[in-house]
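Below is one structure, written out as structure tokens; the observations come after it.
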Amino acid sequence: MTLLIDLVLLVAGLVLWHRGSTEGDDVWSMFLRALAVIDLVVIALSNGALWIEVPLLIGALCLPSVARLEGVRRSKS
């Protein structure tokens, strides 16, 4: 079971890294990549911080892209 959870969290970290690679804004890209690195480090070094990591990863994966944020701002103007 622990291996399955680690694999799911590893995939979440890789998805964050990929999202960071496809973003057009450099700052947002760096932020998403930093979250991915932190996720991978926590998976590698911790044994029970899932109650912290899982909600933070869900929140990070739900973050909007810069293009979507700029589209919302332009439609309001």
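Observations, loosely collected:
- Residue count, the stretch 19-39 (criterion: more than 24 Å from Gly71 (Cβ to Cβ) and modelled with pLDDT of 80 or more): 4
- Candidates in the stretch 58-70 are the residues that are more than 13 Å from Arg19 (Cα to Cα) and at pLDDT 75 or above; of these, the one that is most open to solvent (accessible area, probe 1.4 Å) is Ile58.
- Candidates are the residues of the stretch 1-40 that are over 10 Å from the mean Cα position of the chain (by Cα) and among the acidic types (Asp, Glu); the one that is surrounded by the most Cβ atoms within 10 Å (Cβ to Cβ) is Glu23.
- Within the stretch 4-29, residues that are closer than 13 Å to Ile58 by Cα sit with their Cβ atoms under 6 Å from residues that are open to solvent by 60 Å² or more (accessible area, probe 1.4 Å), at 6+ positions apart or across chains, in these pairs: Gly13/Leu40.
The values are calculated or read from the model by the stated rules, or taken from the named source; none is laboratory data. Everything numeric in this text was worked out from a predicted model, so none of it was measured. A quick note on method: Cβ atoms are made from the backbone with ideal geometry, for glycine too, and the neighbour counts reach across all protein chains shown. Side chains included, ligands, DNA and RNA excluded: accessible areas come from the protein's heavy atoms. Shrake-Rupley method; radii C 1.70, N 1.55, O 1.52, S 1.80 Å.
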